Every structure is written in C-alpha cells, then in structure tokens.
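The values are calculated or read from the model by the stated rules, or taken from the named source; none is laboratory data. These numbers were taken from a predicted model, which means no experiment stands behind them. Ideal geometry is used to build each Cβ from the backbone, glycine not excepted, and the neighbour counts take in all protein chains shown. Keep in mind that these areas ignore ligands, DNA and RNA; they rest on the heavy atoms of the full protein, side chains included. Shrake-Rupley method; radii C 1.70, N 1.55, O 1.52, S 1.80 Å.
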Amino acid sequence: MVHLYVLNPTHKLRFVSRLIVKGSKRILKQVNKQESSQASSSSSSFTYVEEKRRPKINIYDLIRDDLPSAPEGDLTRNAEYYRDESEGGFCVFRVENTLFKILNYIHQVHKCYLLREPSAFGDMFSLPISPGVREGTSDDAPIPLFDTVEQFEDLLWVLYAIPSQLFSSNDNEGPSIERLLNIAEMTNKYCIASYESWALEKLYTLAKNPVGFLRTSSAEVCARALNIAALCDDRRLLDMICHRLIPRILWSDVEREPFLQVAQNRGLRKMQGVLYYKELIEMDKASSNSNSRASPSRLIFPPSLAVEKRMRFLSAHYSLCSLWECVAMDAPMFIDHGCPSHAECLSAWTAMWTEAASAHQTLRHSSVDVLGRLKAMMLILKKTVRDSEAMTLGCTLAALEAITLTRDDIIAGLMDHFQEF
C-alpha cells in the first residue's frame, strides 16, 4: 500500500514573505531617518518654503496696455520658447515684438514652472477674462509684458535649468553676470522668492572675489548690481558690493554717473558721499591747475552745476580742510592689550604720526583730499613702524589697525560734510 503525502507550502511562503516585508520596513525606516537628519542638518539657499515679506504686487502694473499694434507678420516667434499648440495647453506672452508660448509640455516652458511656488504669475493667470477676449490664448491676443526679450528669456532659462546648471561649483560654467542680474531683477519683480534667493547668493559669491566683476566690469554693470542689491533689500550683498566699489571709485577713473543715480534713487548715503567727495577732489585739482593756489572761494565749478550743489561743495571744501587739521594733529589711539611699555609705544606712535603728516608724500595731496593724504601716511607709517624698535609688535599691529578704522570712519561720514542749504 502506497501512502501519498501532499505538502502544502503556503504557510511557509507566508512566513518568508512576512520576514521580507519586516526587513524591508526596517531598511526603509533607516534610510528615511538618514535622509531626514541630513535634510535637517543642511541649509540650502534654494527653497520654496521661505519667502521674503514684501508688499503685494499689483498685477496690472506688470501688464502693458500701451504696446503699439504691430502689422501682420512683424511679430516674431521666439525660437526656443514658442512651440506648436498641438503639443498641449498654452499661454502666449508678448515681450516687445517677440511671442512666447507657455506650453503644458515637459520639454518646453511649462505653465506649472511659473505656478509651482507663489508668484505674480499665479494672479496673472487668474485674471478675469473679458467677454469675447481670451488674452493669452492666441498670437492675436497675447499677454503683453514690460520686460525685454533678453530678460524674459533669462527668467525662463532659470525656471528650466537643470540642477548642475544652478549649483555648479565652477564659476566659469555658471550663468554670466548679465544673466544673473536679469534673473535677480525678474524674480524680484514677479515675486519668485526661491530663485531670487539663488540669484542673490550667486551674486554674493561673485562679489566676494577681489578681482571679480566689480573690479573689471563696466560702471553700468556694477551700478546695476548695486541697484539690485538695494532693490532686493539684501544687506549682506549691498555691503559687499559697496566694500568692493568704494576703493575703485576713489582710486580710479571709473565713470561715476551710473553709481550716483543709484545712490540718489536708493538713498545710499555712504556711496553718495564717496561720489561727491571724488567730484570735489577733481574740482579742487582743476582749480589748483588754473589758479596755482586753490581756495574755497576760487573753486572752479562746471557751468551746469546748480547753485544749491555749489553751496554744498563749498561747505564740504571748508569742512574737509578742517577735518584734515584735526587728523594731522591727533594720532589715532589704540587700546593697551597687555603691553608692558604701552605709554612709551603711544609716545613713539604720536611722533611717527606727526612726522608722516608733514612728509612731502603726504602734502603733495591737497588739504581737502583727506583720504589721499591718509593713504600716503599709511604707506609711510607701515615702513616706519616696521623699521623702528620703539614699539612692541602688539602695539604696532594695533596702531596700523587704528589707521584703517580712522579711514573707514571718514568714508562713512563723508556725506555729512556736504550740508544741504
């Protein structure tokens, strides 16, 4: 008699499957825990959550209603950002005489890219539609914008840029300074906070470079960067740009008018004082060349200079000459950091300062050129204290730092000398 045994492996399969499921859950928990800890420990400047507080934008200020009608055939379709409507839903913008079509298609300008975080485009797409007019639905009725073609192209570029383009560590592979300025300006205008933060961070990285664009680019480009930093209320970027631009303005012949317009429009008092000071120094030099001996009453003003500004500059001339007398007589003091002969160091420092103030290299600058004379003194004193044994090393370093602080205080207060009348 043969006995047949039928084995049912179902319970074993169930047991094995439960073990697999439990193991998978443990692995997933560990992975999620690691990812969450990494995300919490890392800080990124590119985030959709954090937004700057800003006044609400009036959408009608962004849309142009005065673009002249263009004859048939005069409007061109943008080669990269205008696609055939058969590829999906769309929205048409007119920027100058170029049409852009926003498509519901992954490889073209996706409308959701404009809507994936709060921005002015969300309100724009929700504007009420007038009866019989479907603005943005065809080439005959595009949404007209105030921007230039280049600005709008750069905005679309950043919305569609891949991560390697946005976060490349090589500055040579990143966007140009002109594109970054366009992106910062456009994302601020249309309230796209995350991309604005990204652009401002990129600009700050470039501005930190002592031989970067703020030293080599044109005055127009640098002034635009200054304006955007003030427009976006980025104090860190604004301070860095001023820190790099002020020496260039003071010690080179860079054009000043673009900077002056920004300083006046944005209320940048420190920058405005530096620009006025540079203008006054040039007037003083011209007067010296013409009169052999310049004085406040003999300053030669350009014919176009307004009377009110002439009075300002006369007041500043007298005030700065008085400031130099104080600077020349009083050596900047420094704190005792444990020097056993601090009193002797101060006495030696005062004598060195007086001698440097009366040196030929210092006095070849006009008495109104306080910063020029102070710069000459810094060069003299660096050599003098290095060669002298009358001061300890700690006091020497503190004394040289005191000159820098004095210079910075003078620069910060330049506008105070140009009194209003």
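Among the numbered conditions (1) under 36 Å from the mean Cα position of the chain (by Cα); (2) farther than 27 Å from Tyr276 by Cα, the only one that Leu346 does not meet is (1).
What tally of residues in the stretch 311-358 results from selecting those that are charged (D, E, K, R) and open to solvent by less than 70 Å² (accessible area, probe 1.4 Å)? Please lay out each step first, then the result.
Going through the stretch 311-358, the residues charged (D, E, K, R) turn out to be 312, 325, 330, 336, 344, 355.
From what is left, the residues that are open to solvent by less than 70 Å² (accessible area, probe 1.4 Å) are 312.
Qualifying residue count for the region: 1.
Hey, any hits in the stretch 387-394 for a residue that's at pLDDT below 95, touching a His at 6+ places or on another chain (Cβ under 8 Å) and either β-branched (Val, Ile, Thr) or assigned by the TED database to the domain that holds Asp336 (or both)? Checked against the condition, which is being at pLDDT below 95, touching a His at 6+ places or on another chain (Cβ under 8 Å) and either β-branched (Val, Ile, Thr) or assigned by the TED database to the domain that holds Asp336 (or both), the stretch 387-394 yields at least one hit. Out of all the residues in the stretch 280-287, is one or more touching a Lys or Arg at 6+ places or on another chain (Cβ under 8 Å) and not assigned by the TED database to the domain that holds Gly413? Yes, the stretch 280-287 contains at least one residue that is touching a Lys or Arg at 6+ places or on another chain (Cβ under 8 Å) and not assigned by the TED database to the domain that holds Gly413. Apart from one condition, Glu355 fits all of (1) touching a helix residue (DSSP H, G or I) at 6+ places or on another chain (Cβ under 9 Å); (2) touching a residue at least 40 places away in the same chain (Cβ under 8 Å); (3) not polar (S, T, N, Q); the exception is (2).
Which count do you get for residues in the stretch 200-230 that are of a type outside the set (Val, Ile, Thr), open to solvent by less than 30 Å² (accessible area, probe 1.4 Å) and modelled with pLDDT of 95 or more? Please lay out each step first, then the result.
Taking the stretch 200-230 and keeping what is of a type outside the set (Val, Ile, Thr), we get 200-204, 206-210, 212-215, 217-220, 222-227, 229-230.
When the remaining residues are screened for being open to solvent by less than 30 Å² (accessible area, probe 1.4 Å), the result is 200, 203, 207, 212-214, 217, 219, 222-223, 225-226, 229-230.
Next cut, modelled with pLDDT of 95 or more only: 200, 203, 207, 213-214, 217, 219, 222-223, 225-226, 229-230.
Final tally of qualifying residues: 13.
Evaluate the stretch 167-186: report whether one residue or more is open to solvent by less than 40 Å² (accessible area, probe 1.4 Å) and more than 30 Å from Arg248 (Cα to Cα). No, the stretch 167-186 contains no residue that is open to solvent by less than 40 Å² (accessible area, probe 1.4 Å) and more than 30 Å from Arg248 (Cα to Cα).
Results for (1) more than 19 Å from Ala316 (Cα to Cα); (2) open to solvent by 70 Å² or more (accessible area, probe 1.4 Å); (3) assigned to a loop (DSSP other than H, G, I, E, B), shown as yes or no for each residue.
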position	(1), (2), (3)
Thr384	yes, no, no
Ala390	yes, no, yes
Gly394	yes, no, no
Ala402	yes, no, no
Ile410	no, no, no
Asp416	no, yes, no
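Screening the stretch 359-372 for residues that are touching a residue at least 40 places away in the same chain (Cβ under 8 Å) and open to solvent by 20 Å² or more (accessible area, probe 1.4 Å) and picking the one that is farthest from Ser322 (Cα to Cα) gives Ser366. Within the stretch 356-373, the presence of at least one residue that is farther than 29 Å from Met271 by Cβ, more than 38 Å from the chain's Cα centre (by Cα) and either in a loop (DSSP other than H, G, I, E, B) or among the acidic types (Asp, Glu) (or both) is confirmed. Candidates are the residues of the stretch 180-193 that are touching an Asp or Glu at 6+ places or on another chain (Cβ under 6 Å) and modelled with pLDDT under 95; the one that is nearest to Gln261 (Cα to Cα) is Asn188.
The set of residues in the stretch 224-268 that are over 22 Å from Val370 (Cβ atoms) and touching a Lys or Arg at 6+ places or on another chain (Cβ under 7 Å) comprises Asn227, Ala230, Met240.
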